[in-house]
1. What FRET efficiency do you get for Ser396 and Asp211 if R0 is 41 Å and r is their Cβ-Cβ distance, rounded to the nearest 0.05?
2. What value, in deg cm²/dmol to 500, does the helix sum -39500 (n - 2.57) over DSSP H runs of n ≥ 4 give at 222 nm once divided by the residues of the chain?
3. Do any GluC sites (Glu not before Pro) in the range 387-478 lie in a DSSP loop with no more than 10 other beta carbon atoms within 10 Å, and if so, which?
4. Specify whether the C-alpha gyration tensor of the chain places it in the rounded, prolate or oblate class, a ≥ b ≥ c being the square roots of the eigenvalues: rounded for a/c under 1.5, otherwise prolate if a/b is larger than b/c and oblate if not.
5. Checking the table Lys269/Lys399; Lys163/Lys453; Lys76/Lys247; Lys76/Lys236 against a 27 Å threshold on Cα-Cα, which pairs fail?
6. Gap in Å between the Cα centre of the range 35-61 and the Cα centre of the range 78-93?
7. Using the Cα centre as the reference, give the magnitude of the dipole from point charges on the C-beta atoms of the chain (Lys, Arg: +1; Asp, Glu: -1; all else neutral), rounded to the nearest 20 debye.
8. Under a straight-distance cross-link criterion of Cα-Cα below 16 Å, which lysines are reachable from Lys98, leaving out those fewer than 8 residues away in the same chain?
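Here, each number is a calculation from the coordinates, and none is a lab measurement. Everything quoted here is computed from the prediction, not taken from an experiment. Here the Cβ positions follow ideal geometry from the backbone for every residue, glycine too, while neighbour counts run over all protein chains shown.
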Amino acid sequence: MAAEYPTELSFQIDGEWVPRGNRDTQPVLNPANGETLAELPLATTGDLDTALAASEIGFREWKAMDANARGAILHKVADLLRERAGDIAPLLTMEQGKPVAEAMGECVGAAALFDYFAEEAKRAHGRVLVRPTGTRSIVVKQPVGPVAAFSPWNFPLFLMARKLAPALAAGCSIICKPPEETPACAIELMKCVIDGGVPGNVAQLVFGVPDTVSTHLIASPIIRKISFTGSVPVGKHLMKLAADGVKRTTMELGGHAPVLVFDDCDLDKTLGILVPQKFRNAGQVCVSPTRFYVQSGIYDRFVDEFTKRTEALIVGNGLEDATQMGPLANERRPEAIGALVKDAAAKGARVTTGGDIFAQNGYFFRPTVLADVPIEAQIMSNEPFGPVAMMAPFESFDKAIESANRLPYGLAAFAFTENGRRAMLLGDAIESGMVGINTVGISAVDSPFGGIKESGFGSEDGPEGLEAYMVTKAVHQA
Ligand code: NAD
């Protein structure tokens, strides 16, 4: 793979790629070997004020544009993303770690979001209410205003697009603050947006000290909407900041997805779906299958076969073609996951494979299976956000549901059964924003993606994803 990581990184404010100047910088590290890829300049509060002022002007112009014209621009952005995916994907791998094929999938998935919202914005209809002759009451949808969007490092391109595309489609301006760990792919996405025709004061990109940027942007009266994807504690913190200005929020927070495997499932097919999905992106996925509750009659077979397939995974640098799982995205993750695994083992869990950090350089953690994990183990309540599958047996449907629903999280849940009635009851009983039955495919551009309970609120994707960037107004006329 011949791709070169850029030596100069920058952010984009009011149409200008801001030079480093004497700004503070932060190194961007390659998680496969710990080497520094480049230095990232961090925005000052003065930079943020310039972005805010530009965003206010950009919003006025962009919202006045016809939805069809905005849609044409967004389709162009999608085309550029697809055209440039081959160049962008290796950069994403270098800074985040995932295999290039997965990085390509992110680019193509992001393009699909722009195509979908380019069309969906045309259907943001209001309604006319029945009123006496000579009077009218109408309900209209309008863009909420300038948006501040904070996206995380696990899908650094796709999750930024998941906020950019609907916000722009709705007629909002947006200031994106993607993670500082993975800036190059965010920069490339922003270049596609600008080259596609979105004005530089409508879509802007900043990097900085996360808390400084979020506190400053959220406090500004110009910002009317906050969208965040990340951890529950940071989500709660941002919600408190947003409360001061009574600002709308979309919160896509953590999960701890249960997987209920019933003894009537097609076991081979189920394993064929679950093992690759568990270790996709090294398990750093908010909807990653995490707590495997397996009916007792097939439990031992499931653990053995899951372990064998896990041992066969090829772990390495994501730039190498054969790699199926790359390193973790940053230095703090292997240690955090290792501590959770150690705690589980001390409390009686069996480590059937993996369980430790490996490789001298780089942030690798071996794909890990823990069997017979007791409920007291921290990992059964704290999101591991890594390549660890925890397993425990269950006897009855009711016990399985009780286990699935016992945490404050409610993002994704999965169940595997060939019994249609049981499948229907599972869909009703599981407390989760998304349920996959005999599938892990729970994310699609036209379907709402989001959690309940402490996993957050406000769906992304689908018509609900557009609605999140609009306000509803009733106009009564006599
Ligand atoms: P963290 O809680 O420090 O940060 C989570 C994310 O929020 C990061 O992207 C970070 O850049 C951002 N962030 C942190 N403080 C912020 C602030 N004050 N304002 C704005 N953004 C801020 O955790 P971490 O070590 O980066 O990630 C580990 C945990 O984060 C995982 O255990 C997982 O629960 C969660 N996470 C969830 C998702 C998701 O898709 N829901 C994605 C990434 C991380």
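1. 0.35
2. Estimated from H runs of four or more residues: -13000 deg cm²/dmol.
3. Within the range 387-478, the qualifying GluC sites (Glu not before Pro) (loop, at most 10 other Cβ atoms within 10 Å) are Glu395.
4. It is oblate, given that a/c is not under 1.5 and a/b is not larger than b/c.
5. Lys76/Lys247; Lys76/Lys236
6. Here the two parts' Cα centres lie 23 Å apart.
7. The dipole magnitude comes to about 1600 debye.
8. Output for Lys98: Lys278.
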